[in-house]
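The structure under discussion appears below in the form of structure tokens.
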Amino acid sequence: MLREWQKECSEAALQKYKSGSPHFLCLASPGAGKTMMAAEVARRMLELNLVDLIIFFGPSSAVVSSVESTFSNILERNFNGGLGAVGAAYTYHSLMYFDKTFWISLQRHSVLVIFDEIHHCSGGSLDNANMWGGEILAQVQQCASYTLALTGTPWRTDNTPIVLSKYTDPDGEIYCDYIYGLQQAIVDGVCRKPKIVLINSNNLVFSSDDIVKKFGSISDFLSETTASYKSIIWHPEAMKYVLKVGCEKLCEIRKTNSDAGGLIVASSVEHAYQLLRILEDEFAQTATIVTYHDRDALSKIAYYRHSTTQWIVSVGMISEGTDIPRLQVCCHLSTVKTELYFRQVLGRILRVNQSKNQEAWLFTMATDELTLFSNRLAEDLPEDYKILQQQSDDWSFPAGGMVSSSPEFMHRNFINKVGELDLKLDFNEVNTSDIAFSDHTKQLEMGSLYKQVIDAFLFSTV
């Protein structure tokens, strides 16, 4: 059964295609059901004999696997690229490996090409395009009769234009053919109402070269020292505290929803295993781990989706488009602190299901950026919602935790161009263990930590 917005959007796309315009851009909140809407457009296009084939491109192998299943069910035909299939789904990364015969064969047919999370592909022209955007401009655009672009976060951290998109002049805002924002999704009951918990400290003590300095917040500590954010999220007691409050919330939700799950977004493979150890040893939680080094990652995700395991710890594998509706708690401990990535991670816990309790909680650190992003969500909310801030009782850390350095890769081009969200093992894979990340070992006492709840979705009776 299609949601009302999916019906409206698919009809709008068909009308635009029939009018002679070949491109349609849909902006819909993460978790709203963009894939189902796209499958409906594909079904109608085939039914009306407007196209012969459907090609889908997505940001990750996990998304592609889910799309193959969804499109096969909706279209009632194989969608695996095999003999007799009506189409296929590929990662953006695979664009780099198609030969000329692939593109020539597509030119013999009328093709609808669907781009999921199109913001990964940039370029107003070949001169300023990234690798994926360049392939779309040079190859896909030449053989596609129609294109359907989907996004939940219609901007890029490098401020380059999204491929195939139009922008208003002079303010430079992206033009969308259909918009279904978080505000409307919450009102319609399509997405959950999340609460964001910012973890802070009022007494950080930093020791370096016989100098001892105290700081009243994580923000002050990061702005007034050369220490990295990693020194916070790798601190043993900081990790333990974030996981502690996350486990407490998940336990509370599971009293009603016995299969509710939690997601932990780690900064690196080594970090993920540290967090997994704390979950299992300190809090007796059941958990699985998936990383871009794991050849069984997709099967693990599929198993977790329908299991009752409490937690899944991820490095670059469960992000935008990954559909696990039972996820209701997230501990965001990645070193990537862009608004785009923050909203994508938040989207993993927004998908509604049939469970009685539809709470969604995200726990992260109170840096300037993450605090700003949390409060900015209010711009997308219904007018009868408000922001509530609440401080819990302090919880003290033991003093003197040591933070050790570890390999890590933070180069933005890796995420934008090679694809931390993808790295299909069929292709030459980037080995992040070969890329060193240097950070001086520092001594940091976390002091007293406290929680601040940004409840931007609490109904106001005022």
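Just so you know, all these numbers are worked out from the coordinates, no wet-lab data involved. Keep in mind that what you see is a predicted model, and the values were worked out from it rather than measured. Every residue, glycine among them, receives a Cβ derived from its backbone with ideal geometry; neighbour counts consider all protein chains shown.
Assorted remarks:
- Over 21 Å (Cα to Cα) - which of Lys249/Lys356; Lys193/Lys255; Lys16/Lys100; Lys16/Lys166 fall in this group: Lys16/Lys100
- Coordinate range along principal axes, alpha carbons of the range 64-132, Å, largest first: 41, 26, 20
- Note on the range 214-330: the C-alpha convex hull projects to 8.2 nm² when averaged across all orientations.
- Neighbour-limited loop hits for trypsin sites (Lys or Arg not before Pro), the range 257-304 (at most 10 other Cβ within 10 Å; DSSP other than H, G, I, E, B): Arg295
- The range 4-186: Cα Rg divided by the 2.2 N^0.38 Å rule of thumb: 0.97
- The alpha carbons of the range 111-248 stretch over 65, 41, 30 Å along the principal axes, in descending order.
- Farthest toward positive dipole pole in the range 4-186 [+1 Lys/Arg, -1 Asp/Glu at C-beta], among Leu126, Gly152, Leu182: Leu126
- 21 Å Cα-Cα reach of Lys213 towards lysines, excluding residues that sit fewer than 8 places from it in its own chain: Lys230, Lys442
- Value of relative contact order over the range 4-186, rounded to a whole percent, pairs C-alpha under 8 Å and six or more apart: 28 percent
- Summarising the overall dimensions of the range 116-174 from its C-alpha atoms, the Rg and Dmax are 11.1, 32 angstrom.
- Packing around the peptides 256-263, 2-9, 195-202, 219-226, taken as the average count of other Cβ atoms within 10 Å per residue, puts them in this order, highest first: 195-202, 256-263, 2-9, 219-226.
- Each part gets one Cα centre, and for the range 334-380 versus the range 63-110 those centres are 32 Å apart.
- Each Lys or Arg adds one and each Asp or Glu takes one away; over the other residues whose Cβ falls under 12 Å from the Cβ of Ala38, this sums to 0.
- Ratio of the Cα radius of gyration of the range 299-348 to 2.2 N^0.38 Å, where N counts its residues: 1.13
- Placing +1 on each Lys and Arg Cβ and -1 on each Asp and Glu Cβ, with no other charges, gives the range 4-186 a dipole about its Cα centre of roughly 400 debye.
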